[in-house]
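Novice: After the structure tokens below, expect a handful of questions from me.
The values are calculated or read from the model by the stated rules, or taken from the named source; none is laboratory data. If you're wondering where the values come from, they're calculated on a predicted model, not measured in any experiment. A quick note on method: Cβ atoms are made from the backbone with ideal geometry, for glycine too, and the neighbour counts reach across all protein chains shown. Note: areas computed on protein heavy atoms with side chains; ligands, DNA, RNA excluded. Shrake-Rupley method; radii C 1.70, N 1.55, O 1.52, S 1.80 Å.
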2 protein chains.
Amino acid sequence: MSEKPSKKDVVSELKVVAKEVYGTITDKKLPSLNMPIRALQNVKYDPKVGFFELVGKNKERTLTASTVKTFAQTLMMMNESKKLVETDDIATKREVYYISKNWGEARFLDQPESDTVMDDIEAMMMTNREQLGFIPEEKGGDVAGELVVIDIDSETGKEIKIDCTKFGSGAYSVPSSVEHLKFQTDAKFILAIETAGAFQRLLKHKYWKKANCVLISMGGVPTRACRRFIRRLADDMKLPVYVFTDGDPYGYLNIYRTLKVGSGNAAHINQFFCVPQAKYLGVTPQDIIDYKLPTHPLKDIDIKRVKDGMKNDPFVQYHKEWQKALNQMVSMKKRVEQQAFAAHSLNYVIDTYLPEKLKKPHTWLP
Amino acid sequence: MSEKPSKKDVVSELKVVAKEVYGTITDKKLPSLNMPIRALQNVKYDPKVGFFELVGKNKERTLTASTVKTFAQTLMMMNESKKLVETDDIATKREVYYISKNWGEARFLDQPESDTVMDDIEAMMMTNREQLGFIPEEKGGDVAGELVVIDIDSETGKEIKIDCTKFGSGAYSVPSSVEHLKFQTDAKFILAIETAGAFQRLLKHKYWKKANCVLISMGGVPTRACRRFIRRLADDMKLPVYVFTDGDPYGYLNIYRTLKVGSGNAAHINQFFCVPQAKYLGVTPQDIIDYKLPTHPLKDIDIKRVKDGMKNDPFVQYHKEWQKALNQMVSMKKRVEQQAFAAHSLNYVIDTYLPEKLKKPHTWLP
């Protein structure tokens, strides 16, 4: 599932589309471009597939007086992608917007315009924009533990081995694009962590060595690069992924749900960016009781978020365990943070909570 | 200036304060704690000193019926700090708050309460809280280039050398606390960059090798760890620091100003977290004209931010060059982004802008 087109494929597919448009024009017919409709209503969830899938039809962008500018912009951006891939360069979404300033009448007036065209091309090519040479602004996560990342030296083309056990209190910072990375590891699992604070505690006490795992700090809702990194590492090395976040609607429905099955408004790329093998380790509402954790009251907005999820989120609707957990949280009116274990003792999370939870998969959530 | 107390010093200073309190109590007198008043109005700027300094008087917290809880909390937290330093452990601000749940009546009701006591202790000890074993939630910046970071293995106590030229497209992620790090480098300067996107471009084309420098991605306003890392690296290795941000009030007055001289509301720690040797390389308002850059209109809130800075910011008030630049920006009514150079060509920033600017220090801002 993490398979993606090679560089050669991207360029040749771009050429196929361009040639078709060119041929249609020289035949004095109206050229058109086909792309899937990207919208929340076009999403379904099947756990066997593992991510939110598009179910809708394609839209066709035919060259007319009213579409001429967007049509030209789409072709110009496809050309930019071809150049990037051929020269092994990259451009951020923001840079692509600025590049368009040289396109005369076809230039974008603001970035949302150019982002939409980029999303269209991404969907049309059924690939992710990193494959097209377009990288996100934001960085990926931080990594430490039993993992060697193999990168390519951009000058010499030689492999570089990055040993993530050798960074002391620091970490390996995942690049904006991870498609070219390879991995070596004997780790037993990946532990994806919500906060930098919890990550730093596990790192300080070399939890990765005790548990033989790879630690990844997501820093809130994981970026595309972070999600893709976890996915590729989990696929290539056949590693299970356990997720450790705050026990609140944001941790459950934004961070974990997005990591595992993707999001609704970017459904055309979920197949590359989801991590279907992810399991939710904690902090669950039941953990609040089992571990006697100090809590905070659930806010009205938290309760609303849960009710929205129950009503509209295909992922929650599919999983009875999640409905039960969310109902339990709402009836307790409590949320909990991953650092709450410090109330017992600073390293309780390392010495007691994580080892116990890892031995009890029946306490996890799907 | 980056000198800081050793572990032994911290513990012995904590003991001195505690013994004094204990002695006063056994003498049947009212014990008190002294700490500087932390407030914007108590700040002055002298470029020879290089950072916002406290000018105000101390406040005294004497044990009375109304201060008894805060007094107890301060002593409990000092005790926590002593334990952390002695066992070489760390706790985030959030964890300290949770630890207090075991302090009975002295427990904190919410985190702002415990953060305030932590700031008080920090100011009282005239050190930074990382020295007291308290680390920030957030991570530091990303680093790549001609630098070897020397960390300590927390298990063996042996040195670990981290070569920042060997991360490929990834980077070294700065830990939450950097006091224990040492450095080796032959680099000529540090380039501190606002956005992950701009950093990734320079990294992709190994700009650090061409320019023989260390690249640091701040990701917006730099965290304490990122600022302290730059400061320690610049001091220890005697490196100049050049700063490259978007050309807007946020880049000038939030990111750059905070990096260079610190902030008003944390004045008691500016001496550790400022980078007085920083120079502002770009993007300046004059660069918009000189490099024919595409711009965005300045918003009302941007103009307000500039006027506030002119009126209230001791840093702006001291530097005529900054006043001139800010006035120029306001009269042009334009702001510019560091990725705007892509309008010329994707690597214009590497091939033309940065090399030219580095040769023209008279175009920089102080």
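Novice: Of A:K139/B:K48; A:K210/A:K359; A:K161/A:K360; A:K69/B:K304, which pairs sit farther than 25 Å apart, going by alpha carbon to alpha carbon? Before the final figure, lay out each step's value.
Specialist: On the way: A:K139/B:K48 37 Å; A:K210/A:K359 14 Å; A:K161/A:K360 35 Å; A:K69/B:K304 37 Å.
Table pairs above 25 Å Cα-Cα are A:K139/B:K48; A:K161/A:K360; A:K69/B:K304.
Novice: Cut-off 10 angstrom, C-alpha nodes, Gaussian network model of chain A. Which of A:G220, A:G170, A:G282 fluctuates the most?
Specialist: In this elastic network of chain A, the residue with the biggest mean-square fluctuation among A:G220, A:G170, A:G282 is A:G170.
Novice: Taking the Cα centre of segment B:7-135 as origin and charging only Cβ (+1 Lys, Arg; -1 Asp, Glu), how large is the dipole, in debye to the nearest 20?
Specialist: Approximately 300 debye in magnitude.
Novice: Please work out how much accessible surface A:S263 shows to a 1.4 Å probe, ignoring ligands, DNA and RNA, in Å² rounded to 10.
Specialist: 20
Novice: Now a separate question. If you roll a 1.4 angstrom probe over the protein chains with everything in place, what fraction of the accessible area of chain A belongs to carbon and sulfur, to the nearest %?
Specialist: Values: 7980 of 15110 Å².
C and S atoms contribute 53 percent here.
Novice: Oh, and also: I need two numbers for chain A: Rg to one decimal and Dmax as a whole number, Cα atoms only, in Å.
Specialist: Rg, Dmax (Cα atoms, Å): 22.6, 76.
Novice: Rounded, prolate or oblate: pick one for segment B:128-174, where a ≥ b ≥ c are the square roots of the eigenvalues of its C-alpha gyration tensor, a/c under 1.5 means rounded, and failing that, prolate if a/b is larger than b/c, else oblate. Working shown, then result.
Specialist: Details: a/c = 2.67, a/b = 1.36, b/c = 1.97.
In terms of gyration-tensor shape, oblate.
Novice: Shifting gears a bit: Can you tell which of A:C226, A:C274, A:C213 shows the greatest fluctuation in a Gaussian network model of chain A with Cα springs below 10 Å?
Specialist: Ranking A:C226, A:C274, A:C213 by mean-square fluctuation puts A:C213 first.
Novice: Could you give the distance between the Cα centres of segment A:134-166 and segment B:53-79, to the whole Å?
Specialist: First find each Cα centre; the distance between them is then 47 Å.
Novice: Heads up, I need the accessible area for B:T62: 1.4 angstrom probe, whole protein in place, Å², nearest 10.
Specialist: For B:T62, solvent-accessible area is about 40 Å².
Novice: Order the following by accessible area, largest value first: B:I301, B:I193. Probe radius 1.4 Å; ligands, DNA and RNA are ignored.
Specialist: Result of the area sort, largest leading: B:I301, B:I193.
Novice: Only Cα pairs within less than 10 Å get springs; with that Gaussian network setup on chain A, which residue of A:P136, A:P47, A:P276 has the largest fluctuation?
Specialist: Answer for the Gaussian network model of chain A: A:P47.
Novice: Express as a percent, rounded to the nearest 5, the fraction of DSSP beta bridges in the protein assembly as shown (both residues included) that run antiparallel. Could you put the intermediate results ahead of the total?
Specialist: Values: 55 of 85 bridges.
Within the protein assembly as shown, antiparallel bridges account for around 65 percent of the total.
Novice: Label-point separation (nm) for A:K320 and B:K359, each offset 7 Å from Cα along Cα-to-Cβ?
Specialist: 7.4
Novice: Let me ask something else about it. In segment B:321-366, what residues drop by 50 Å² or more of accessible area when the other protein chains are put back, versus the chain on its own? Use 1.4 Å, and skip ligands and nucleic acids.
Specialist: Buried by the other chains: B:Q339, B:A343, B:L346.
Novice: Let's test the formula: R0 of 30 Å, r as the Cβ-Cβ distance of A:S345 and B:D300. What FRET efficiency results, to the nearest 0.05? Provide the component values of the computation, followed by the final result.
Specialist: Working: r = 51 Å, r/R0 = 1.72.
It comes out at approximately 0.05.
Novice: On to the next question. Would the protein assembly as shown count as rounded, prolate or oblate if I go by the C-alpha gyration tensor, calling it rounded below 1.5 in a/c and otherwise prolate when a/b exceeds b/c, oblate otherwise? Kindly include the intermediate steps, with their values, before the conclusion.
Specialist: Working: a/c = 1.83, a/b = 1.28, b/c = 1.43.
Oblate, since a/c reaches 1.5 and b/c is not below a/b.
Novice: Compute, for segment B:142-363, the length of the dipole vector about the Cα centre, with Cβ point charges of +1 (Lys, Arg) and -1 (Asp, Glu) only. Units Debye, rounded to 20. Write out the running numbers ahead of the final one.
Specialist: Values: 33 positive and 24 negative charges, 119 e Å.
So the dipole magnitude of segment B:142-363 works out to roughly 560 debye.
Novice: Next up: Which of the residues in segment B:121-155 show a loss of at least 10 Å² in accessible area from their chain by itself to the complete set of protein chains, at a probe of 1.4 Å?
Specialist: Those are B:I135, B:E137, B:K139, B:D142, B:D151, B:D153, B:S154, B:E155, which lose 10 Å² or more relative to the chain on its own.
Novice: Still on this structure, I have one more. For segment B:134-290, what ratio Rg/Rh do Cα atoms give with a Kirkwood hydrodynamic radius? Walk me through the intermediate numbers first.
Specialist: Details: Rg = 15.2 Å, Rh = 15.8 Å.
So for segment B:134-290, dividing Rg by the Kirkwood Rh gives 0.96.
Novice: Lys/Arg Cβ at +1, Asp/Glu Cβ at -1, dipole of chain B taken about the Cα centre: which of B:Y207, B:Y172, B:S217 is farthest positive-ward?
Specialist: Checking the options against the dipole of chain B, the answer is B:Y207.
Novice: Over the whole of B:171-181, what's the average partner chain Cβ count within 10 Å per residue? Rounded to a whole number, please.
Specialist: Details: counts 8, 6, 14, 5, 12, 9, 3, 2, 0, 2, 3.
So the per-residue partner count for this stretch is 6.
Novice: For B:S331, tell me the accessible area in Å² from a 1.4 Å probe, rounded to the nearest 10.
Specialist: Only protein atoms counted, so the area is about 90 Å².
Novice: Could you work out how far the C-alpha centroid of segment B:170-201 sits from that of segment B:101-125, in angstrom?
Specialist: The distance from the Cα centre of segment B:170-201 to that of segment B:101-125 comes to 32 Å.
Novice: For the pair A and B, how large is the buried accessible area, both sides, in square angstrom to the nearest 100, if the probe is 1.4 Å?
Specialist: Numbers: alone 17390 and 17380 Å², together 30220 Å².
Buried surface at the A/B interface: approximately 4600 Å².
Novice: Averaged over peptide A:204-217, how many Cβ atoms belonging to another chain are found within 10 Å of each residue's Cβ? Don't skip to the answer; put the middle values down first.
Specialist: Working: counts 8, 4, 3, 0, 0, 1, 0, 0, 0, 0, 0, 0, 0, 2.
Counting other chains' Cβ atoms within 10 Å and averaging over A:204-217 gives 1.
Novice: With label points built 7 Å along Cα→Cβ from the Cα atoms of B:E86 and B:A18, find their separation and express it in nm.
Specialist: Going by the 7 Å Cα→Cβ label model, 0.6 nm.
Novice: Hey, any idea what Rg/Rh is for segment A:10-96, computing Rh the Kirkwood way over Cα pairs? Present the calculation step by step, with values, prior to reporting the outcome.
Specialist: On the way: Rg = 16.0 Å, Rh = 15.3 Å.
In segment A:10-96, Rg relative to Rh is 1.05.
Novice: Go ahead and run the numbers for FRET between B:E113 and B:D9, Cβ-Cβ distance against an R0 of 30 Å, rounding to 0.05.
Specialist: Working: r = 28 Å, r/R0 = 0.93.
The value I calculate is 0.60.
Novice: Also, I was wondering about something else. In Å², what does the accessible area per residue of the protein assembly as shown work out to with a 1.4 Å probe?
Specialist: With the other protein chains kept in place, the protein assembly as shown gives 41 Å² per residue.
Novice: Rounding to the nearest 20 debye, state how big the charge dipole of the protein assembly as shown is about its Cα centre with +1 on each Lys and Arg Cβ and -1 on each Asp and Glu Cβ. Please report the intermediate quantities before stating the final value.
Specialist: Values: 110 positive and 94 negative charges, 122 e Å.
In total the dipole reaches around 580 debye.
Novice: Between segment B:81-99 and segment A:316-356, how many Å separate their Cα centres?
Specialist: Segment B:81-99 and segment A:316-356 have Cα centres separated by 23 Å.
Novice: Still on this structure: Find which of B:Q317, B:Y250, B:H268 sits farthest along the positive direction of the dipole of segment B:245-351, computed with +1 on the beta-carbon of Lys and Arg, -1 on that of Asp and Glu, about the Cα centre.
Specialist: B:Q317
Novice: Taking segment B:121-210 on its own, what percent of its Cα-Cα pair distances exceed 21 Å?
Specialist: On the way: 1674 of 4005 pairs.
Here the tail beyond 21 Å accounts for 42 percent of pairs.
Novice: Here's another thing I want to ask about it. Any idea what Rg and Dmax come out to for segment B:215-366 if you just take the C-alpha atoms, in Å?
Specialist: 15.2, 45
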